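No value in this document is a laboratory result; all are computed from the given coordinates. Fair warning: this is a prediction, and the values are worked out from it, not measured in the lab. Methodologically, a virtual Cβ is constructed for each residue, glycine included, from the backbone with ideal geometry; neighbour enumeration extends over all protein chains shown.
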Amino acid sequence: MLIRIKNAQLVAKDHVVFPFSKIKFTIATLLKNNGYVSEVNKRKRKAKKTEHDFIEIVLKYSNGLPRLQGFKLISKPSRRIYIKASRIKPVRSGFGMAIISTSKGIMSSKEAWKEKLGGEHICEVW
């Protein structure tokens, strides 16, 4: 999902579309709440005789540059990385955010740090 967003921003697209899942929708909503994308919409697309859900994200630019400059995937299916609440550090001197999957759902590093929750360190976004 993050790779699709990055590639769409590199060619200056105004929106990007990908298949729906709860975790993708939650991460996209988190990106919207922190100002990295403009809009996140869940839509249905009719393909032949079935309907499929998909997510449409409207990308955000400032002065011609994408708002989402980069990201780093931390936890992968082959190697899960977990982090304690006491080990959560600011990303890019506070200009970025980490996305952490906690027992209370997916949240940004700032929210997880405030609630003293650790969990799976999914990625960092700046």
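Values as computed for the structure displayed
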read-out	value
Fewest-first ranking of M1, M107, using other Cβ atoms within 10 Å as the exposure measure	M1, M107
Farthest positive-ward along the chain dipole, Cα basis, beta-carbon charges - from V58, N41, I81	I81
Point-to-point label distance, V58-R79, nm (Cα→Cβ direction, 7 Å offset)	4.0 nm
Sequence-separation-based contact order of the chain, relative, with Cα cut under 8 Å and 6+ spacing, percent	22 percent
Projected-area average for the range 1-67 over all orientations - Cα convex hull basis, square nanometres	4.6 nm²
Cα-centre dipole for the chain with unit charges at Cβ (Lys and Arg positive, Asp and Glu negative), debye to 20	320 debye
All aspartates and glutamates inside 17 Å of K76 as judged from Cα atoms, apart from same-chain residues fewer than 8 positions distant	E120, E124
Unit charges on C-beta of K, R, D, E only; dipole of the range 59-126, Debye	140 debye
Selected from I122, I99, L10, residue furthest toward positive end of dipole (the chain; charges at beta carbon)	I122
Using a Förster distance of 22 Å, the FRET efficiency for F95-K22 (Cβ separation, nearest 0.05)	0.20
Taking F95, F20, F71 and counting other C-beta atoms within 10 Å, the order from fewest to most	F95, F20, F71
Residue pairs, from the table K89/K116; K42/K110; K24/K44, whose Cα atoms sit over 18 Å apart	K42/K110
